[in-house]
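S.K.: Sharing a structure here in structure tokens format.
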Amino acid sequence: MDFVAAVRRFNRTVTQRVGALDDRYMARGRPLAQARLLWEIGPGGAEVVALRSRLGLDSGYLSRLLRTLEGDGLVTVGPADRAGGDGRVRVAALTGAGLAEWSELDRRSDEFARSILAPLPGRRRERLVAAMAEVERLLVASLVVIGQCPPGDPRARACVRAYAREVGRRFDGGFDPAVSSPVHDEELVPPAGVFLLASLNGEPVGCGAVKLHPGAPAEIKRVWVSDSVRGLGVGRRMLDELERYAAERGWAAVRLDTNRALTEAIAMYRSAGYQEVEPFNTEPYAHHWFEKHLAP
């Protein structure tokens, strides 16, 4: 099957059906990009930097869109200190006319969704909605980016704290980082190792690290995935990237330890080819120790 051709065919069908090519989207006299930005700002307003990240727009294009909406009297853009916040942060907010336009777009969007479903009998509607949900999940998975991140970066720290909170809820008796075997920042900086961050629209949603022990297998640590992307294969991608990092630097094996409460992680490790081995450390929270040989 030609996957690339199939994706392009799907894209053409969707863009035509949703009216992305119409410069008067929803018959409101503005193209889709402006309508989508208006929708994302919403009644509660939004920080400009968050809009840029959420919509994947470069600063110049976003500024032009905002200026157009400002010129139409639909949006105001100003510092957050207007509401007592940080004056360095710019916030976009809807005017009264903008709120009215947002409500009209909301109403017409519902009508448009009904027009897609209306020609289909009941079972086909269910199939279409289920297929849309699956496509959405897979598209979200494809938007997750995994890359290197300094372990002292605030995003990395936030992920490690989230990891500690989750295992604290799940481990019998909780989890105390001070009791666990320490993982020092300098062990996760090349060439000693690496910390990888998974992000979605600029927001951290997962992490993982590997320590490259001289003369011994590499050691994988701190693999965590946010609930918001769980079930999308992000954990397995993170594991693959950590293994690849070690293999590309000459390591022939990786190992890790885990707690018996993390049943999903244990299943993932086994399905990825990890074999249970004798304990190789004294981690007090570990019940299982795994090792995997890497292809060169």
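S.K.: Sort by residue number and name the cysteines in the chain that have no neighbouring cysteine Cβ under 4.7 Å.
M.R.: Among the cysteines of the chain, those whose Cβ sits 4.7 Å or more from every other are Cys149.
S.K.: Using +1 on the beta carbon of Lys and Arg, -1 on that of Asp and Glu, and nothing else charged, what's the dipole of region 241-286 about the Cα centre, debye to 20?
M.R.: Around 60 debye, computed over region 241-286.
S.K.: Let me ask you something else. DSSP loop trypsin sites (Lys or Arg not before Pro) in region 195-293 with at most 16 other Cβ atoms within 10 Å of their Cβ, which ones?
M.R.: Arg230, Arg249, Arg260
S.K.: If you take every residue apart from Pro279 with its C-beta less than 11 Å away from the C-beta of Pro279, what net charge results, scoring Lys and Arg +1 and Asp and Glu -1?
M.R.: Residues close to Pro279 contribute a combined charge of -3.
S.K.: Something else now. Going by a ≥ b ≥ c, the root eigenvalues of the Cα gyration tensor, does the chain fall in the rounded group (a/c under 1.5), the prolate group (a/b larger than b/c) or the oblate group?
M.R.: Because a/c hits 1.5 or more and a/b exceeds b/c, the chain counts as prolate.
S.K.: Grab the beta carbon distance between Arg17 and Ala164, set R0 = 45 Å, and tell me the FRET efficiency rounded to 0.05.
M.R.: Approximately 0.50, to the nearest 0.05.
S.K.: Right, here's the next one. Using the crude model of +1 on Lys and Arg Cβ and -1 on Asp and Glu Cβ, and no other charge, please compute the dipole size for the chain relative to its Cα centre, in debye to 20.
M.R.: 1060 debye
S.K.: Quick check on the chain: helices-only [θ] at 222 nm, where DSSP H runs of length 4 and up contribute -39,500 (n - 2.57) each and the sum goes over total residues. Nearest 500, please.
M.R.: Computed ellipticity for the chain at 222 nm equals -14500 deg cm²/dmol.
S.K.: Oh, and also: Taking +1 at the Cβ of each Lys and Arg and -1 at the Cβ of each Asp and Glu, which of Val183, Tyr25, Pro79 sits farthest along the dipole of the chain towards its positive end, judged by Cα position relative to the Cα centre?
M.R.: Looking along the dipole axis, the top candidate is Tyr25.
S.K.: While we're here: Using a/c under 1.5 as the rounded threshold, could you call region 104-246 rounded, prolate or oblate? The axes a ≥ b ≥ c are square roots of the C-alpha gyration tensor eigenvalues, and prolate needs a/b larger than b/c, oblate otherwise.
M.R.: prolate
S.K.: Mind listing which trypsin sites (Lys or Arg not before Pro) in region 23-55 are in a DSSP loop and have 16 or fewer other Cβ atoms within 10 Å?
M.R.: Arg24, Arg28
S.K.: Another question, if that's okay. Express the carbon and sulfur contribution to the solvent-accessible surface of region 1-158 as a percent, rounded to the nearest whole number, probe 1.4 angstrom.
M.R.: That share works out to 56 percent.
S.K.: Compute the angle between helix 96-117 and the longest alpha-carbon principal axis of the chain, please, reported from 0 to 90 degrees and rounded to the nearest 10.
M.R.: 80 degrees
S.K.: Oh, and also: Determine the dipole magnitude for region 142-296: charges of +1 sit on the beta-carbon of Lys and Arg, -1 on that of Asp and Glu, nothing else is charged, the reference point is the Cα centre, and the result goes in debye to the nearest 20.
M.R.: So the magnitude is around 320 debye.
S.K.: Moving on. What's the local net charge at Asp22, with K and R +1, D and E -1, over the other residues with C-beta under 12 Å away?
M.R.: Net charge around Asp22: +3.
The values are calculated or read from the model by the stated rules, or taken from the named source; none is laboratory data. This structure is a prediction, so every number in the text was calculated from the model and none was measured. A quick note on method: Cβ atoms are made from the backbone with ideal geometry, for glycine too, and the neighbour counts reach across all protein chains shown. In case anyone asks, the SASA skips ligands and DNA or RNA and just uses the protein heavy atoms, side chains included. Shrake-Rupley method; radii C 1.70, N 1.55, O 1.52, S 1.80 Å.
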